Structures are given as C-alpha cells and as structure tokens.
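The values are calculated or read from the model by the stated rules, or taken from the named source; none is laboratory data. Being a predicted model, the structure only gives us computed values, none of them experimental. As a convention, Cβ positions derive from the backbone with ideal geometry for all residues, glycine included, and neighbour counts pool all protein chains shown. The accessibility values were calculated without ligands, DNA or RNA, using every heavy atom of the protein model including side chains. Shrake-Rupley method; radii C 1.70, N 1.55, O 1.52, S 1.80 Å.
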Amino acid sequence: MTQTVIHPSAYVEEGAQIGEGCKIGPFCHVGPEVVLAANVELKSHVVVTGRTEIGEETVIFPFAVIGEIPQDLKFRGEKTKLVIGKRNRIREHVTMNSGTEGGGGVTRVGDDGLFMAGCHVAHDAQVGDRVILVNNSALAGHCVIEDDVIVGGLSGVHQWVRIGRGAIIGAVTMVTNDVIPYGLVQAPRGKLDGLNLVGLKRRGVSRSDITALRAAFQMLAQGEGAFAERAKRLGEETQSEYVREIVDFILGDSDRHFLTPG
C-alpha cells in the first residue's frame, strides 16, 4: 500500500475524498466535494475546489487554481463539475473552471495532457487526450479541443470553437472559427495555413495517407463551390480514413464557420 502524505500546513476540508498514495504539499487547500484518485500530487499552494474530480497520477504545480466557479455572469451558483483525467501535468498558475448549467454542467479534460504555466481552461470546455496548452494560452467557454492538439503560447481560442484532432495552433494566434483535424493555424488573426505534417510524421502516419491529406487540403483550398460542398465531394471520392475524419468534422454540427485555406 502506497502511503498518502498530507503536509501539516495543508487544509483538506471534511468530505474530500483522497485516494491512496496522494501527496498534498504545503499550504494546499482541498475543498469538501473534491475527489482525488490514487497517486495525485499537489505540489504546494494549490487550490482544488468545487465538485472537482482528478484522475490518477495527475500532478498539479504551485499556485494553480482548479475547479473554481465559471467566469460567466450568467452563473448563479448551480451545482456543476470539473472532471480531469489521468496523468495530466498542470503547471504553475493554471486555472480550470467548472461548467455552467447552460453549457451542459461539466468542464472535462482528458488524459495525458500538458498544461503549461499560466494557461486557462474555461467553463464547459471539452478537452481531449494528449492535449498541450503552451504558456499563457486560453480556451474560452464551450470550446471543444480534440485529441493530440497543440495550442501555442499566448494564443486564444474563442468560445464555441472546435479544434479537430491533431491540429496545431501557432504562438500568439487568435482562433475565432473551427479548425479542421490536422490543420496548421498561424498568424495573429488565425489563418489555416496548411497541415500539421510534423505531427503526422511523428505519429507514424503512412506516406500514402499524408499524400491523400495533402491532396484533400488542395481540393478544399481550390475546388469549386462552397467549402462544405467541396468537403462533401471529397467524402464521396476518398478512401483515406484521415481524409474521411476531416470531411466528417466539416459536415458535423457547429455554430461557427471554419477557418478555410487561403
């Protein structure tokens, strides 16, 4: 049995559920409705509050504030949650807020993410696995960030925006519309500037699939008709699962427009 260690200066309120092997460092505050799974570590000066659940082996660094109420004037104290997965690394001064009743009630973060110093995850955001938010980047309310996305430092993602799997957002970029899977976005007012080819190669995607993705991007950029019409035609022609993923993303439900190739 791995021993749970709670520093004498930490304040763990009655009702909090602390798993086996957790380490709670100096001057941390854990609220009464918090659930920490096994081997979670709070380094020091960490606040975890609200109805917050944190998965196994997640490590939270000093001065992070996790599970506070939403920064939303419509919030009226309703019981909402923040659910964080396993093996995340949440660095200094990160903030993650609980959900709102109007947004589904749950802010959710997947497994194996890296949230660098000073970044923010707002109410009702849905963040996938292996996501990296670089220093001082921010996700607004209701964003959907799929698996394997990287958001560069000092970047912002507008509320309700979806970012597809494997996409990368360059540093100091404002993203105001949906980003296709495997897209590469850069420039101060984000522009879809290509595909995340480096990320695709690192994940071992075959050359034939990368070739199909590049051809699909060209068709989306230069084909006839509206963007959705090009995507629909592409879906009728492609044999690549990766291209099909982009097509399904474009034709899926969204309240926003897409960043389209220049």
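Quick one: which helices (runs of 4 or more DSSP H) lie wholly within the stretch 172-262 and hold at least 3 residues that are within 18 Å of GLU146 (Cβ to Cβ) and under 22 Å from the mean Cα position of the chain (by Cα)?
197-202, 241-251
Please find, among GLY223, GLY190, the residue that is surrounded by 13 or more Cβ atoms within 10 Å (Cβ to Cβ) and over 30 Å from ASN135 (Cβ atoms).
Answer to the check: GLY223.
Out of the stretch 208-228, which residues are closer than 15 Å to GLU241 by Cβ and of a type in the set (Gly, Ala, Ser)? Spell out how you get there, then give the answer.
Narrowing the stretch 208-228 to residues closer than 15 Å to GLU241 by Cβ: 208-213, 215-216.
If the condition is that a residue be closer than 15 Å to GLU241 by Cβ and of a type in the set (Gly, Ala, Ser), then SER208, ALA212, ALA215, ALA216 are the ones that fit.
Could you check the stretch 107-119 and list, in sequence order, the residues that are part of a strand (DSSP E or B) and open to solvent by less than 30 Å² (accessible area, probe 1.4 Å)?
Hits for the stretch 107-119 are THR107, VAL109, PHE115.
Against the conditions (1) in contact with a helix residue (DSSP H, G or I) (Cβ under 7 Å, 6 or more places away or on another chain); (2) buried (at least 20 other Cβ atoms within 10 Å of the Cβ); (3) closer than 28 Å to ALA140 by Cβ, where does ALA228 fall short? Just the number, please.
So the condition that ALA228 fails would be (2).
Please state which of the following conditions GLU237 fails to meet, knowing it meets all the rest: (1) surrounded by 21 or more Cβ atoms within 10 Å (Cβ to Cβ); (2) of a type in the set (Asp, Glu); (3) out of contact with any His (no Cβ under 9 Å at 6 or more places or on another chain).
(1)
I'd like to check something: does the stretch 151-170 contain any residue that is more than 15 Å from ILE90 (Cβ to Cβ), crowded, with 24+ Cβ neighbours inside 10 Å, more than 9 Å from the chain's Cα centre (by Cα) and assigned by the TED database to the domain that holds ASN97?
No; the residues of the stretch 151-170 include none that is more than 15 Å from ILE90 (Cβ to Cβ), crowded, with 24+ Cβ neighbours inside 10 Å, more than 9 Å from the chain's Cα centre (by Cα) and assigned by the TED database to the domain that holds ASN97.
For the stretch 52-107, how many residues meet the condition of being under 17 Å from VAL40 (Cβ atoms) and of a type in the set (Lys, Arg)?
Residues flagged as under 17 Å from VAL40 (Cβ atoms) and of a type in the set (Lys, Arg) within the stretch 52-107 amount to 5.
Mind listing whichever residues of the stretch 132-150 are without any contact (Cβ under 8 Å) to a residue 24 or more places away in the chain and within 21 Å of ASP255 (Cα to Cα)?
The answer is ALA138, LEU139, ALA140, CYS143, VAL144, ILE145, VAL149.
Does any residue of the stretch 87-98 turn out to be out of contact with any strand residue (DSSP E or B) (no Cβ under 9 Å at 6 or more places or on another chain) and over 17 Å from HIS123 (Cβ atoms)? Break it down into steps so the answer makes sense when it comes.
Residues of the stretch 87-98 that are out of contact with any strand residue (DSSP E or B) (no Cβ under 9 Å at 6 or more places or on another chain), as a first pass: 92.
After this cut, where a residue has to be over 17 Å from HIS123 (Cβ atoms) as well, the list is 92.
Within the stretch 87-98, one or more residues are out of contact with any strand residue (DSSP E or B) (no Cβ under 9 Å at 6 or more places or on another chain) and over 17 Å from HIS123 (Cβ atoms).
Among what's in the stretch 252-262 and is open to solvent by less than 90 Å² (accessible area, probe 1.4 Å) and not β-branched (Val, Ile, Thr), pick the residue that is nearest to PHE217 (Cα to Cα).
Here the residue is PRO261.
What's the number of the only condition in (1) open to solvent by less than 10 Å² (accessible area, probe 1.4 Å); (2) touching a His at 6+ places or on another chain (Cβ under 8 Å); (3) more than 26 Å from ILE6 (Cα to Cα) that VAL131 fails to meet?
(2)
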